1. Within the stretch 139-184, work out how many residues are under 22 Å from residue 102 (Cβ atoms), at pLDDT below 70 and of a type in the set (Gly, Ala, Ser).
2. Among 110, 63, which is at pLDDT below 90, of a type in the set (S, T, N, Q) and out of contact with any strand residue (DSSP E or B) (no Cβ under 6 Å at 6 or more places or on another chain)?
3. Exactly one of (1) in contact with a Gly (Cβ under 7 Å, 6 or more places away or on another chain); (2) free of Cβ contacts under 8 Å to residues at least 40 places away in the same chain; (3) part of a loop (DSSP other than H, G, I, E, B); (4) under 22 Å from residue 47 (Cα atoms) is unmet by residue 101. Its number?
4. Would you be able to tell me the number of residues in the stretch 104-130 that are surrounded by fewer than 20 Cβ atoms within 10 Å (Cβ to Cβ) and part of a loop (DSSP other than H, G, I, E, B)?
5. Scan the stretch 22-63 for residues that are surrounded by fewer than 15 Cβ atoms within 10 Å (Cβ to Cβ) and either part of a strand (DSSP E or B) or on the phi < 0 side of the Ramachandran plot (or both) and jot them down.
6. Looking only at the stretch 70-90, count how many residues are outside any loop (DSSP other than H, G, I, E, B), of a type outside the set (A, V, I, L, M) and either touching a Lys or Arg at 6+ places or on another chain (Cβ under 7 Å) or touching a residue at least 60 places away in the same chain (Cβ under 8 Å) (or both).
7. Condition first: out of contact with any Ser or Thr (no Cβ under 6 Å at 6 or more places or on another chain) and modelled with pLDDT of 95 or more. Now tell me which residues in the stretch 114-130 satisfy that.
8. Here are the criteria: (1) surrounded by 18 or more Cβ atoms within 10 Å (Cβ to Cβ); (2) among the polar types (S, T, N, Q); (3) free of Cβ contacts under 8 Å to residues at least 40 places away in the same chain. Tell me which single one residue 66 does not satisfy.
Amino acid sequence: MFCLCNLKENGGIEVRSSGNVVSNSFISESSSSGIRITNDRNIIRGNTIVDISGKGIIVDQFTGLSDTQVLDNRVFSSSEEGIFNFFPLRTIIRGNIINGNAKSGINDFTGDDTIIDSNTVTNNGADGGSFVGGIVLGSLGGTTVTVTNNVAVGNDVNGTIVNFLNVRDGVNAIVAGNIFETQQ
């Protein structure tokens, strides 16, 4: 399988083709995103991303493509979101450990049929603002997100906030089996 993956000058990995696997990489001190995906049917698995001056992992599918899986990664101390899912279809975000990111641990913005499952999301959101906290779901309308079996503890806002236009303005959130606690 050919991977059109660029090791960016700033230290991150960018994937611009379909059907790739990015696994077991250690990415530290990148001056932008740790891993950025701009095409569909990719698997991001088992990576460690630390001290990033941007988003830890971004699935950037503004064209509506996706079927990307973000599995079993460790994302610590980014200056933005740990994992940012931007306009994709059918993304699976499962089994990740996300800690100490300045904004949200996981931010799903207008991802349709997204599954966010069995992640540990702790101590995120120190920068404040309206899109911070453990797991943030935002939409421009008509999206479905399933959030199950996650642990979100010690995040600065709420364990989960349904935000942007709020739940009645477009996010159909199916939420079950999660543990959400805010900081005391």
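1. Of the residues in the stretch 139-184, 1 are under 22 Å from residue 102 (Cβ atoms), at pLDDT below 70 and of a type in the set (Gly, Ala, Ser).
2. From the options 110, 63, the qualifying one is 63.
3. (2)
4. Looking only at that region, the number is 8.
5. If the condition is that a residue be surrounded by fewer than 15 Cβ atoms within 10 Å (Cβ to Cβ) and either part of a strand (DSSP E or B) or on the phi < 0 side of the Ramachandran plot (or both), then 23, 26, 28, 31, 62, 63 are the ones that fit.
6. Total satisfying the criteria: 1.
7. 118, 119, 120 - these are the residues of the stretch 114-130 that are out of contact with any Ser or Thr (no Cβ under 6 Å at 6 or more places or on another chain) and modelled with pLDDT of 95 or more.
8. Residue 66 satisfies every listed condition except (3).
The values are calculated or read from the model by the stated rules, or taken from the named source; none is laboratory data. Since the model is a prediction, treat every value here as computed from it, not as a measurement. With ideal geometry, Cβ positions are generated from the backbone for all residues, glycine too; neighbour counts draw on all protein chains shown.
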